[in-house]
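No lab work stands behind these numbers, since they all come straight from the coordinates. These figures come from a predicted structure and were not determined experimentally. Glycine also receives a Cβ, built like all others from the backbone with ideal geometry; neighbour counts cover every protein chain displayed.
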Amino acid sequence: MLTVLNPATEEPVAELEQAGVEEADAAVARARSAFPGWRAVSPSDRAHLLRRLAALVEEHREELAQIESRNVGKPISGARSEMGMVAQVFHFYAGAVDKHNGETIPVAGGIAATFREPLGVVGLIVPWNFPLNISSWKLGPALACGNTVVLKPAELTPLSALRLGELCLDAGFPEGVVNVLAGKGSVVGQRLIDHPDVGKIGFTGSTEVGRVVMQRSAATIKRVTLELGGKSANVVFADADLERAAASAPYAVFDNAGQDCCARSRILVEKTVYDRFLELLIEATRGVQVGDPASEETEMGPLISAAHKEKVASYVDGGRVAFRGDAPSSPGFWFPCTLVEATNDDRIAREEVFGPVAAVIPFADEADAIRIANDTPYGLSGSIWTRDGARFLRVARAIDAGVLSVNANTSVRVQTPFGGFKQSGFGRELGMHALDGYSEVKSVFISTEA
Ligand code: NAD
């Protein structure tokens, strides 16, 4: 039995049976037998079902937000907007189903046409930080392309995905098209990776487990999309609107209690404005409302677990702490917003902390800023704050990361591709690009010889 906890209270919210290898095999078999029927469903009927699913998510938005808030410790207002995005994702892929077209290519002796074919059964493995949101980023394009799926949420946060599975049936998806299994990564996750009837793994999680996914997928030459960790830079130049940059920086690192792959957890500040910016940043961080996730005013909740809290604390111990905010005491896995002055060689700047902790690092000039921003094994996101238009383009082109923002700290939009460079992974989610990851290109030559 799996006991699911509320990280804000440490009280159980649910007890459930965990799936094992046998259930994983049965789910893959169900998805396998549903595949021929599902791939034959017309694009407009697939779109219709995705639209119904989007409507059901909207209808159940409050219920889903409450589930996510209690299971992950997310502030309820943030959980509501995440559920809004889940509905948007299904709407977007409903609209995309009949727009992911092939080509006709003139060649000697005839014409070649390309088709986008589904991969078959795909395994979707998601983390605990944005359980339903990230599930939708994979489910939407996978279903739009005509695949059947087995979705495995993280052990700590299975509840919203299980509810979504019910909504898929309510929407009218045929049995076996969407399967959701609560189980351990080392058991169900690995079985999906090893299973010869699974054509692809869409994985979001740590770089460490991403390596395992890639290695084990080699045995069956499985396709993989890997959305992994990050250690992104928020680069503030002296000519930026410092007040705006400082007001926005806390959101960029403390949202979701810093448990965000896109967290700009290295704040790089040009030396000439370092002291002034740090003052502004401390003021803005002091304003973050930490507390009961059920309260409408709360902006930051607890960390996901006791073990994770211990890990986050280990990055701060012995560091040059510039600011430590308030946080409730236990029960609950609380950790305060923390700013640490650091160099890019410190452990806190090199490893993904995945908590409400930012390293503030000075830089000398543009070249130094680019060097430090790129001096990391990761390459997921980042921000550039400057009023100089040529500079933001130069710096945006020079930073090795998949998702950047200029004079803003947001990374994720339904319409735009999302994914990493370097050890942040490969493949793209969201936008039309995600459809490429859930389909194969087939080329068919048609002779026109008489
Ligand atoms: P994790 O890697 O521990 O687990 C992710 C998923 O993989 C879970 O469902 C888990 O059960 C499963 N898993 C674990 N071991 C497995 C194995 N051996 N085989 C198959 N599956 C296995 O990550 P987490 O702690 O749940 O999430 C945090 C990590 O996710 C952070 O590193 C974060 O940066 C990353 N993340 C990345 C993105 C992105 O889009 N790039 C988004 C969110 C989170």
Computed over the stretch 233-414: relative contact order in percent, which uses C-alpha pairs under 8 Å that are six or more apart: 28 percent
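To make sure I understand, if each residue's beta carbon is the centre and we count other beta carbons within 10 Å, what order do 438, 274, 251 fall in, fewest to most?
251, 274, 438
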Can you give me the angle between helix 159-171 and the longest principal axis of the chain, using Cα atoms only, in degrees from 0 to 90, rounded to the nearest 10? 40 degrees
Taking H as built 1.01 Å from N, whose amide H comes closer than 5 Å to the amide H of residue 383, not counting residues under 5 places away? 233, 234, 235, 405
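Would you mind working out the magnitude of the charge dipole of the chain relative to its Cα centre, with +1 at each Lys and Arg C-beta and -1 at each Asp and Glu C-beta, to the nearest 20 Debye?
Charge dipole of the chain: 1100 debye, to the nearest 20.
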Local electrostatic count, residue 120, Cβ distance below 9 Å [Lys/Arg +1, Asp/Glu -1]: +2
Applying a 10 Å radius around every beta-carbon, put 382-390, 15-23, 238-246 in order of their mean neighbour count, most first. 382-390, 238-246, 15-23
Quick one: which residues, 5 or more positions from residue 292 or on another chain, have an amide H under 5 Å from its amide H? H modelled 1.01 Å from N in the peptide plane, none for Pro or chain starts. none
How high is the relative contact order of the chain, given as a whole-number percent (alpha carbon pairs under 8 Å, six or more residues apart)? 19 percent
Fraction of alpha-carbon pairs over 26 Å apart in the stretch 316-450 - percent: 43 percent
Helix 76-96 versus the longest principal axis of the chain: what angle, 0 to 90°, nearest 10, using Cα atoms? 30 degrees
P(r) for the chain, please, calculated from all Cα pair distances in 10 Å bins and given in %. 5, 21, 29, 25, 14, 5, 1, 0, 0
Overall dimensions of the stretch 233-414 as given by Cα atoms, namely Rg and Dmax in Å: 15.5, 50
Using 23 Å as the Cα-Cα cut-off, could you pick out the over-long pairs in 99/231; 152/442; 184/311? 99/231; 152/442
For the chain, take the longest principal axis of its alpha carbons; what is the angle in degrees between that and the long axis of helix 207-217, to the nearest 10 within 0 to 90? 20 degrees
Under Stokes-Einstein, the stretch 124-228 at 25 °C and 0.890 mPa s, with its Kirkwood radius over C-alpha pairs, diffuses with a coefficient in µm²/s of 179 µm²/s
Looks like the stretch 379-443, by Cα gyration tensor root eigenvalues a ≥ b ≥ c and the a/c under 1.5 rounded cutoff (else prolate when a/b is bigger than b/c, oblate otherwise), is prolate
